[in-house]
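In what follows, a single structure is set out as structure tokens and then discussed.
The values are calculated or read from the model by the stated rules, or taken from the named source; none is laboratory data. These numbers were taken from a predicted model, which means no experiment stands behind them. Cβ sites come from the backbone with ideal geometry, for glycine too, and all protein chains shown count toward neighbours.
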Amino acid sequence: MNGATALIHTLADAGVEVCFTNPGTSEMHFVAALDAEPRLRAVLALFEGVATGAADGYARMAGKPAATLLHLGCGLGNGLANLHNARKGHVPVVNIVGDHATFHVKYDAQLQSDIETVARNVSPGFVRTAQSTATLCRDVVDEVTAARGLPGQVATLILPADVSWSEGAQPCPMPAAQLAPVAEDAVVARVATLLRGGEPVALLLGGQALREAPLRDAARLAARCGVKLFAEVFPTRLERGAGLPAVERIAYLAEMAGVQLAPYKHLVLVDAKSPVAFFAYPGKASDLVPAGCTVHTLATPVEDAAASLAKLVAELDAAGVEPAVQPPSRPSRPRGRLTAPKVCKAVGHLLPERAIVVDEAITSGLMLGVMTQGAPRHDLLTLTGGAIGQGLPNAVGAAVACPQRPVIALVGDGAAMYTIQALWTMAREHLHVIAVVFNNAAYSVLNVELERVGSTAPGPKARHQLELGDAPLDFAALAQGMGVAATRVDRAEAFCTVFERALATPGPHLIDARVPEALGRTKRRLLPWLLRSLPNLPAPMAQALKRKIAP
């Protein structure tokens with residue numbers, strides 16, 4: 001048995017069922033070995049960023065890693081942005097990167113590069129180059145073990161071509177999974193005392209704490225002790241909708257996050273990072289925790305957040321408390337000229353039970369949360385690392401992981417073009433994905449940021465870097481060219497009709513939603529002034545203004 005065949009058997013024995021591929025010459029023995037293992041599905045992507053983003057989306061929904069197969073350092077480099085998003089979201093990915101044969105390295109061929117250095121950017125916890133065919137499968141076992149432990153991580157194994165093609169390999173069994181540690185008794189007791197103390201306390205939930213069981217336990221604590229529940233600004237996977245506890249996400253804009261956190265004397269982290277601003281701004285703080293607020297930790301990312309919350313519930317005798325849940329509600333069917341808020345309203349009006357929503361709508365999705373909060377229960381996947389181009393590939397992976405559930409990908413036009421090749425994979429694999437592209441002909445979020453950093457009168461060259469309208473993008477034509485049914489709409493009635501039809505018809509669909517910018521020029525000019533005014537307003541007024549701008 002050669003190395004590639006043994007590797008693939010080891011992956012399958014470890015429970016890895018899917019490999020998202022973009023192979024080259026050095027990976028041909030891996031490709032040839034695929035037919036020897038019926039348990040491993042291979043899904044081709046036309047760009048490495050689609051393969052890595054699909055592996056991320058798959059793992060978020062399947063709860064276990066997929067593999068990728070990438071070609072040398074250049075292929076890994078092409079997939080880095082979505083591996084970065086996976087790393088920030090603690091998503092398990094088994095990354096396999098082909099390399100030149102060991103004896104070929106000294107010749108410094110055209111595609112030779114330092115793959116390990118590239119990989120450490122996204123795999124700080126596990127990067128290894130396989131040294132021999134005899135030890136290859138032990139490397140694979142170590143890689144899968146690293147990827148699926150807590151916190152989940154991108155683990156990268158570099159596979160030289162001769163290690164892959166040489167004979168003498170044997171599959172290796174996986175060791176039994178280790179149970180994650182739970183918060184220590186002393187930590188639980190300290191947090192329980194804090195919650196009983198009467199001072200304003202908020203829980204900041206992230207990672208595994210945003211699934212149904214821990215959410216219900218957190219809501220029991222909220223009902224018992226009056227604590228506030230927050231979620232990270234970009235959660236990896238959030239279960240939400242009617243019948244589930246509602247949790248308020250921390251705002252993207254630092255000034256609004258400051259309004260949310262201002263009332264609290266204590267912030268308790270549950271598988272979450274203490275909040276910081278996305279970017280530095282002149283004269284503004286990077287740490288979003290307000291002065292006078294103390295940060296505590298119930299469960300770190302290496303601990304079992306759900307079990308830690310359950311332990312805290314028991315400590316506070318809250319197991320019998322009925323948690324508050326989101327009542328069912330839907331917005332009305334939108335009408336008239338299509339806008340970004342009306343698209344969000346239509347999604348909330350029509351969203352089916354158990355849908356998976358991938359949100360990369362950027363500024364166009366400002367109203368998505370409030371419009372879908374009372375819709376039937378669904379899963380929300382978001383842009384964990386901030387690197388755009390995640391939405392369409394994440395939808396591919398989610399649809400492969402959950403073939404019986406509709407996947408709705410909401411993406412901005414600029415973001416869609418980063419990984420537009422994902423549409424081809426959707427068509428080839430017959431995935432039930434409805435991609436909605438907010439086609440506003442601009443990098444709208446960067447227009448906002450240009451105002452926020454103080455450039456209130458940008459010149460024509462500056463504006464030209466952020467506008468897309470001079471060469472209009474026809475996403476319907478692009479999608480049809482890759483085998484995806486697509487429609488262009490600019491009226492709310494037409495959007496609803498097409499969206500309903502797409503939900504009812506298996507296979508991929510794209511809706512090219514022609515909308516104006518959600519934050520037009522007047523709003524963008526007002527926004528920095530409003531944000532600067534928030535700290536000086538009475539708290540109720542500041543909170544009302546925050547809800548108005550970004551509910």
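A few comments on the model shown:
- Long-range neighbours under 6 Å by Cβ, at least six apart or interchain, first residue farther than 20 Å from L446 by Cβ within region 515-538, second at pLDDT 80 or above and in a helix (DSSP H, G or I): L534/E255; L534/V259; L534/A542
- Filtered residue count, region 87-119, keeping only those that are over 14 Å from S26 (Cα atoms), over 22 Å from the mean Cα position of the chain (by Cα) and either in a loop (DSSP other than H, G, I, E, B) or modelled with pLDDT under 95 (or both): 4
- Verdict on V445 being surrounded by fewer than 16 Cβ atoms within 10 Å (Cβ to Cβ) and either in contact (Cβ under 8 Å) with a residue 60 or more places away in the chain or among the aromatic types (F, W, Y) (or both): no
- Answer residue from region 154-171, given it is crowded, with 24+ Cβ neighbours inside 10 Å and not aliphatic (A, V, I, L, M) and is farthest from V16 (Cα to Cα) among those: P160
- Every residue from region 261-276 that is surrounded by fewer than 21 Cβ atoms within 10 Å (Cβ to Cβ), within 18 Å of the chain's Cα centre (by Cα) and either among the acidic types (D, E) or more than 17 Å from G207 (Cα to Cα) (or both): none
- Test: residue in region 89-100 that is in the same structural domain as A130 (by TED's automatic domain parsing) and surrounded by fewer than 21 Cβ atoms within 10 Å (Cβ to Cβ): yes
- Checking region 362-376 against the condition returns no match, with no residue being outside the structural domain of K273 (by TED's automatic domain parsing), without any contact (Cβ under 8 Å) to a residue 40 or more places away in the chain and farther than 30 Å from H84 by Cα.
Results for (1) closer than 28 Å to I388 by Cα; (2) modelled with pLDDT of 95 or more; (3) more than 19 Å from the chain's Cα centre (by Cα), shown as yes or no for each residue.
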position: R190; (1), (2), (3): no, yes, yes
position: L204; (1), (2), (3): yes, yes, no
position: L210; (1), (2), (3): yes, yes, no
position: A218; (1), (2), (3): no, yes, yes
position: L221; (1), (2), (3): no, yes, yes
position: L238; (1), (2), (3): yes, yes, no
position: P245; (1), (2), (3): no, yes, yes
position: V259; (1), (2), (3): yes, no, yes
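- Listed by position, the strands (runs of 3 or more DSSP E) inside region 428-540 whose residues that are outside the structural domain of Y58 (by TED's automatic domain parsing) and over 16 Å from A416 (Cβ atoms) number at least 1 are 485-489.
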